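Okay, structure first, notes after.
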Amino acid sequence: MEAEAGEIRRLLDGARQVLVVSHKDADGDTLGSALAMMFVVAGLGKDAVIRVPPPVPDIYEFLPGFDRVNVEPEGFTPDLVLVMDASNLERVDRALDGLAEATPIVNIDHHVSNTRFGDVNLVVPEACSTAEVTCDILHSWGIEITAEVATNIYAGVLTDTGGFRHENTTERALAIAGEMVSRGASAADIAMRIYKSKKLSTIKLQALAMGTIAFECDDRLVHAYVTKELLERAGASPDETEGIIDILNSTEGLELALLFKEIGPRETKISIRSRGQANANVLAQGFGGGGHERAAGAEIKMPLPEAMEAVLADARRMISDPAG
């Protein structure tokens, strides 16, 4: 990691205008990491702009720097790009449109499925989050972590560990969280804003989604779906589906939890969580997606019913024969 961090710093030192990019369907890790890096880049005397493919979830609007998302000065022409927490370039949607072909791209991530698309790739699969990788980069550079940066890094670690409940809640993750609190992050306030400030529409949507829940394979496979019609009934936006998969994943004895989300007439997104020998990343990769062993996702060019049929067939096989 030290070599890659050093190369990123050399590129930064030679840059004037730096674009920091998060992935689409932004979560706390990609936003927290990108916002933290934006503050650091600006602190080094560079023009820093952050692009987040819309829609941007307003649940994270409390994060320092959120008001600068997708705000660009006239004439901004990046000579360096930092892509945070994206396993492939498809995940950044159109955020790199108009980029000069020779502009270096730095890929900072922690997904085991990362395609190493950057000119410099700093990918640490054993890290709990890209926020952890970001923190380690700043340490290697000798950067003083401000309260704004600490809040963003803490939010990234908190959300990607599921509120310190997932298997990636390592000693290192907890140590970083503690350090960020010591540097000005408010653990209680961040947790309240992310986990205890849900809109009424989000609660309604979760209730409607729970009405679609189904159990298979001796209750080891649980799945649910969200259609556009359910979104309309709840008065919710697509980003408010975040958190439903975690409800499914709380089922006792579960091996695979799947949430299907209707995006369009021929497009469906799936979120996958796994336990035991089942591997979420392997299941997602079979449909062009990826992620981690315990959490992954994919976008499938199929209508919702067809996507459910195809994915569930593979999920049933995985549970009956995890080695196969």
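The values are calculated or read from the model by the stated rules, or taken from the named source; none is laboratory data. Quantities reported herein were computed from a predicted structural model and do not represent experimental measurements. Positions of Cβ are backbone-derived with ideal geometry, glycine not excepted, and every protein chain shown enters the neighbour counts. To get the accessible areas, we keep the full protein, side chains included, count just its heavy atoms, and leave off ligands, DNA and RNA. Shrake-Rupley method; radii C 1.70, N 1.55, O 1.52, S 1.80 Å.
Here is how the numbers come out for the structure above:
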{"item": "Any hit, the range 295-312, residues being over 20 Å from Thr115 (Cβ atoms) and in contact with a helix residue (DSSP H, G or I) (Cβ under 6 Å, 6 or more places away or on another chain)", "result": "no"}
{"item": "Qualifying residue in the range 92-103 (condition: assigned to a helix (DSSP H, G or I) and either touching a residue at least 40 places away in the same chain (Cβ under 8 Å) or not charged (D, E, K, R) (or both))", "result": "yes"}
{"item": "Among (1) touching a residue at least 24 places away in the same chain (Cβ under 8 Å); (2) open to solvent by less than 20 Å² (accessible area, probe 1.4 Å) - the single one Phe117 does not satisfy", "result": "(2)"}
{"item": "One residue from Arg68, Arg51 being open to solvent by 40 Å² or more (accessible area, probe 1.4 Å), within 18 Å of Asn152 (Cβ to Cβ) and touching a Ser or Thr at 6+ places or on another chain (Cβ under 8 Å)", "result": "Arg51"}
{"item": "The range 26-48, subset surrounded by fewer than 23 Cβ atoms within 10 Å (Cβ to Cβ) and of a type in the set (D, E, K, R), residue nearest to Asp160 (Cα to Cα)", "result": "Asp27"}
{"item": "Helices (runs of 4 or more DSSP H) contained in the range 128-239 and holding at least 1 residues in contact (Cβ under 8 Å) with a residue 60 or more places away in the chain, under 22 Å from the mean Cα position of the chain (by Cα) and within 14 Å of Asp29 (Cα to Cα)", "result": "130-141, 147-160, 187-195"}
{"item": "First in the range 289-308 and within 21 Å of Thr169 (Cβ to Cβ) and open to solvent by 30 Å² or more (accessible area, probe 1.4 Å), second anywhere and in a loop (DSSP other than H, G, I, E, B) and of a type outside the set (A, V, I, L, M), Cβ under 7 Å, 6 or more apart", "result": "His292/His111; Glu293/Asn279; Arg294/His166; Arg294/Glu167"}
{"item": "Given (1) open to solvent by 20 Å² or more (accessible area, probe 1.4 Å); (2) closer than 13 Å to Gly32 by Cβ, number of the condition Met180 does not satisfy", "result": "(1)"}
{"item": "Output for the range 9-21, where each listed residue is out of contact with any Leu (no Cβ under 6 Å at 6 or more places or on another chain) and crowded, with 24+ Cβ neighbours inside 10 Å", "result": "Leu19, Val21"}
{"item": "Filter pass, Glu252 being part of a loop (DSSP other than H, G, I, E, B) and under 20 Å from Ser87 (Cα atoms)", "result": "no"}
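Residues checked against (1) in contact with a helix residue (DSSP H, G or I) (Cβ under 9 Å, 6 or more places away or on another chain); (2) polar (S, T, N, Q); (3) closer than 15 Å to Arg317 by Cα; (4) buried (at least 16 other Cβ atoms within 10 Å of the Cβ):
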residue: Asn249; (1), (2), (3), (4): no, yes, no, yes
residue: Leu256; (1), (2), (3), (4): yes, no, yes, yes
residue: Ile270; (1), (2), (3), (4): yes, no, no, yes
residue: Gln277; (1), (2), (3), (4): yes, yes, yes, no
